[in-house]
Amino acid sequence: MGARLTFSPTPENLNDTHERCSGSEAMDVRVLSVMLPVVLLFASCASHDTRETVQAQMLGESGHGFVTDSIGLSIESSTLAGDGKALQTRKLVSLFEDFRPGMVLRIGGNTSDQMFWTSKGESKPTDYGFTATPASLNKLAELTKQLGWRVVMGVNLRARDPQRAADMARHARSIFGDWLTAIAIGNEPNVYYPSNPPFGTYASDVRRYTNEIRSAVPDVAIQAPDASGNRSDFIWSSASQFARLPAAVPDVYASHFYGAQGCDTGSMLPRALFTEFADERRKSSLDNIYHAASLSSAPKVVLSEVNSINCGGMAGISNRLAGALWMLDFAFDAATQGFNGIYFHGTITDCIAYSPVCVADDRAINTADPFKALFMLNRMANGMAMLSVAPYVSNSNIRLYGLRGRNSLVLIAINTGEGNGDWVDVNVDLPGSDFVELTATEIFTKDETSTDGTRLARKTSMDGVPPDLDRECASGPGDSEPVATARVASRPASAKVLFFCERND
């Protein structure tokens, strides 16, 4: 007589049916007939095998190309306080050493309009928050030059002192050199310009600042208005004022966007970042910003301060998998819609919930989960064109994006579902049949406990690193068979990226 097959169900081995279904057919059916727990397990496996399939097609180019300065990090101007001594240059250079050069560092935020700039050793007036000096800029330049970062420097508009702003721009050019790409005039001026009459002298003040700054640094780009993304009244008013006053039109029209409002919210579910309401709110805001930039005749449009939840974010959402997936989804969505840059707001000197970098009280530098997303975005921003990916039938949990290089292709599949039943098979028809899969990168959670909230609130793991496609594909894709359809088994709460090289033989 053969040995008796025994199986003892436990909470651990019943937790994830997907991981166990593959070997179940080897069980003796006669034994299964008397083992109710295992029969139930098989039933769950059978239902899992009928998971939904999304069919899609990768189409032509859409929006702006995904280049090195498409992605940036935004920090507060208060980083410059105290001659920038809070900056830990050596540790930060080590932290970002695997990033591509060319990323943007925007220095601004609310504190740019609280900043007292002096190059003459003047005492800070009482109505300013802190002092910034040439020594502050030199300290920051130690970091940006080693990493090859472009710099967008904010100046104080609220003070109505264009000569002082021009002096700061002059020193910034001297210190950062050609890495200084723009001067941003003010931050969220909708806060301190009266709305009746429609934002008063805003455009004429920007013109005065522009004239002074251009006299000091003729070739620097001007960025404005850096308005709050939810203030469509100011966005349209500023664009109309620029249209009527061509001398004030900025080189870069900038606005902000936050995925959810957290200032007066005590609690929020991570799923709130991906609801139909959140998607519609995003679409409405980005449409307003993009069309206002067009009305103003500004050559470029960027989202210069972006993150998942405003007012510093929410711990357990912004700094976990939800924040990382939101960052990836938002960046590709905005680039597809034509935005030239997306700068994620955070810090490199202290710790707030939505920042990719967290500096603890003991000055230890750690990273939050969105750092993994920022790294992925930076590594993929290598001059590829954004492609539209259109599903034949949409799934509210699945977001698809594509990138096309000279001889490479990338497919991004983001799944915002959270339940065990939210696995989705994604099949995408590629633009041709000569693509060979090179590798894949995925962010997801390995934490399958039930004590850490939803999947979106759990810690993020990352498998694989985005390759250097220019180098990897230059010598050809090897001997693997090309495919015409990309296939992704998209797990709940994940982003999977497939990288392809094109065969040209």
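Within the range 455-480, residues that are farther than 16 Å from residue 377 by Cα have Cβ atoms under 6 Å from residues that are surrounded by 14 or more Cβ atoms within 10 Å (Cβ to Cβ) and of a type in the set (D, E, K, R) in these pairs: 455/418; 456/418; 457/320; 458/447; 458/452; 459/447; 477/503, counting only partners at least 6 apart in sequence or on another chain. The single condition from (1) crowded, with 20+ Cβ neighbours inside 10 Å; (2) out of contact with any helix residue (DSSP H, G or I) (no Cβ under 7 Å at 6 or more places or on another chain) that residue 265 fails is (1). Among the residues of the range 460-488, write down those that are more than 24 Å from residue 323 (Cβ to Cβ) and assigned to a strand (DSSP E or B). Residues satisfying the conditions are 483, 485, 486, 487.
Evaluated against (1) crowded, with 17+ Cβ neighbours inside 10 Å; (2) within 19 Å of the chain's Cα centre (by Cα); (3) not hydrophobic (A, V, I, L, M, F, W, C), residue 167 falls short on exactly one condition, (2).
Within the range 178-213, track down each residue that is free of Cβ contacts under 8 Å to residues at least 12 places away in the same chain and farther than 21 Å from residue 340 by Cβ.
Within the range 178-213, 194, 196, 197, 200, 201 meet the criteria.
Quick check on the range 399-419. Is at least one of its residues farther than 17 Å from residue 467 by Cβ, surrounded by fewer than 21 Cβ atoms within 10 Å (Cβ to Cβ) and among the polar types (S, T, N, Q)? No, because not a single residue in the range 399-419 is farther than 17 Å from residue 467 by Cβ, surrounded by fewer than 21 Cβ atoms within 10 Å (Cβ to Cβ) and among the polar types (S, T, N, Q).
Screening 403, 377 for residues that are within 30 Å of residue 75 (Cα to Cα), in a strand (DSSP E or B), out of contact with any Asp or Glu (no Cβ under 6 Å at 6 or more places or on another chain) and among the aliphatic types (A, V, I, L, M) leaves exactly one candidate, 403. Restricting the first member to the range 55-68 and to residues that are farther than 10 Å from residue 403 by Cβ, and the second to residues that are of a type in the set (Lys, Arg), the beta-carbon pairs closer than 7 Å and six or more apart or on different chains are 68/100. Strands (runs of 3 or more DSSP E) fully within the range 65-122 that include at least 1 residues being within 16 Å of the chain's Cα centre (by Cα), in the same structural domain as residue 364 (by TED's automatic domain parsing) and crowded, with 19+ Cβ neighbours inside 10 Å: 71-76, 104-108.
The values are calculated or read from the model by the stated rules, or taken from the named source; none is laboratory data. These numbers were taken from a predicted model, which means no experiment stands behind them. Positions of Cβ are generated from backbone atoms using ideal geometry, with glycine treated the same way; all protein chains shown enter the neighbour counts.
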